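These notes are about the structure you will find just below.
The values are calculated or read from the model by the stated rules, or taken from the named source; none is laboratory data. As the structure is a computational prediction, the values presented were derived from the model and not from experiment. With ideal geometry, Cβ positions are generated from the backbone for all residues, glycine too; neighbour counts draw on all protein chains shown.
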Amino acid sequence: MTLTFLRLGKVAPADALFYALAQFTGGAAGTLLMAAVLGDLFTLPPISAVATLPGQPGQLVAFGAEVAIAFILMSMVLAANASARLMRWTGVCAGLLVAIYIAFEAPLSGMSLNPARSVASALPSGVWRGIWIYLTAPPIGMLLAAELHLWLGGKTSCAKLNHFTKRRCIFHCDFAGAPAMEVSP
């Protein structure tokens with residue numbers, strides 16, 4: 001998602017870099033902490049630090065499935081985010097899609113959608129099989145969705161859905177630098 005909003009000009013390159021580094025660092029810290037606390041119970045099978053692995057159909061199917069789910073998720077986020085009426089439902093729609101993916105797509109690819117999540121699980125488990133899929137497929141799918149969105153002339157709102165804050169917004173949007181908005185009923 002970060003790379004997509006960078007591509008769409010909604011986040012500065014330095015902010016995107018630090019945000020991505022924070023995702024990888026936070027994920028690694030969390031799984032390494034769990035490994036330190038739980039040891040082999042967490043790192044060895046059947047848990048294997050919840051490593052993301054290609055399903056029975058193989059790595060090429062997993063790659064295609066990851067590209068597809070990332071494309072669909074990002075397309076939905078961009079479409080909902082571009083609509084004033086649907087914007088507030090973006091998180092709910094994304095959550096429903098993820099639930100559907102877990103139920104139906106996970107057997108194909110392990111359902112990563114996030115390179116940082118897959119790397120974080122691989123670190124303590126040592127299970128790196130198919131990691132190339134999870135480093136490449138989600139960004140490809142999401143960037144393809146961004147290109148389609150641009151090609152169709154879709155507008156891109158801010159990547160941040162909650163502007164009810166006085167803190168700095170790292171996203172390039174109409175809300176940047178605006179006074180905090182009040183929540184309406």
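When region 71-88 is filtered for residues that are more than 24 Å from Met111 (Cβ to Cβ) and either in a loop (DSSP other than H, G, I, E, B) or in contact with a Gly (Cβ under 9 Å, 6 or more places away or on another chain) (or both), the ones remaining, listed by number, are Ala82, Ser83, Ala84, Arg85, Leu86. Considering region 129-177, the residues that are at pLDDT 95 or above and among the charged types (D, E, K, R) include one that is nearest to Ser83 (Cα to Cα), namely Glu147. Scanning region 1-38 for residues that are under 14 Å from the mean Cα position of the chain (by Cα), in contact (Cβ under 8 Å) with a residue 12 or more places away in the chain and under 17 Å from Tyr134 (Cα atoms) gives Met1, Thr2, Leu3, Thr4, Ala20, Gln23, Phe24, Gly27.
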